[in-house]
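Remarks on the structure that follows.
Computed from the coordinates by the stated procedures, all read-outs in this text should not be read as laboratory data. Note that the structure is predicted; figures quoted are calculated from it, not measured. Heads up, the Cβs are rebuilt from the backbone with ideal geometry, glycines too, and the neighbour counts pull from every protein chain shown.
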Amino acid sequence: MTKAYLLGALHDATTRKSTYRISQKSRAYVELIAKGIRTLGGSAWTYREGKTRDVYIVEFSKSFLSHVSIRSRKDKVEYIRGYFDTEGGIAKQSHVRYYIYFAQKDYPDLAKLMMYLEELGIVCGKIHNPSHRVDPDYFRFYVSAKSYHDFAETIGSWHPEKKSYLRMKI
C-alpha cells in the first residue's frame, strides 16, 4: 500500500472535519486499507455502519495524506489502482460483454485520470455522459478492449473481488 494508492481511493471517500471515510460492501477491502495505513505509520479504524447494513468503513486522519502528490510513473500506477478499486467498474458476470470503466461527477478529475492511463500506454475511449437527462453531471469512460491485458498487468487491483475478475483477462 502506498500513499499514492490512498489518494486514488479517496475518490470514493467522504470527508469530515479532520478525517477521511471510505465505505465499501467488502469488509476485507476496508481491512486491507486500514492495514496498509497502519503499515505506512498512520492510524486507521474500521467499523460496520449500522447494525443491519453490509457497509464497512475505514476512517483515518486527513493529515496522513497532507503534502502527498503524484509525480512518478509508479505513483500514477498506484493512484489509478486505488481509484479503480473504489470507483472503477468491471464486468462481473460471464454472460455480459467484458468491460472496465471509470465514472465520476468531477469531469476534470476524470480527464486527469484518463491522461495518466494514456501516459502508461493504456488506450481509453472518450469521456461521455451516458444520460444527460438522468444526470447531466455524471461522466464515464471505458478502457479499450485492446488494453484490457495491459490494464490488468500494469494497474491490477488489490480489491478482493475486482482482482479475481481482472485475472480472467491475463
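A compact table of results
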read-out	value
Point-to-point label distance, R21-K112, nm (Cα→Cβ direction, 7 Å offset)	2.4
Computed over segment 3-65: relative contact order in percent, which uses C-alpha pairs under 8 Å that are six or more apart	35
Value of Rg to Rh for segment 1-139 (Rh from inverse mean 1/r over Cα pairs, i.e. Kirkwood)	0.98
Per DSSP, loop trypsin sites (Lys or Arg not before Pro) in segment 63-170 with at most 15 further Cβ within 10 Å	R71, K92, R97, K105, K126, R133
Share of alpha-carbon pairs per 10 Å distance bin for segment 38-79, given as whole %	22, 35, 31, 12, 1
Approximate spin-label separation S61-V96, in nm, with each point projected 7 Å along Cα-to-Cβ	4.1
Relative contact order, percent, segment 73-167 [alpha-carbon distance under 8 Å, six or more residues apart]	31
Electrostatic dipole magnitude of the chain [Cβ: Lys, Arg +1; Asp, Glu -1; Cα centre; debye, to 20]	320
Distance violations [Cα-Cα > 23 Å] among K17/K112; K17/K74; K25/K92	K17/K112; K17/K74
Percent RCO, i.e. relative contact order, over the chain, from Cα pairs under 8 Å lying at least 6 residues apart	21
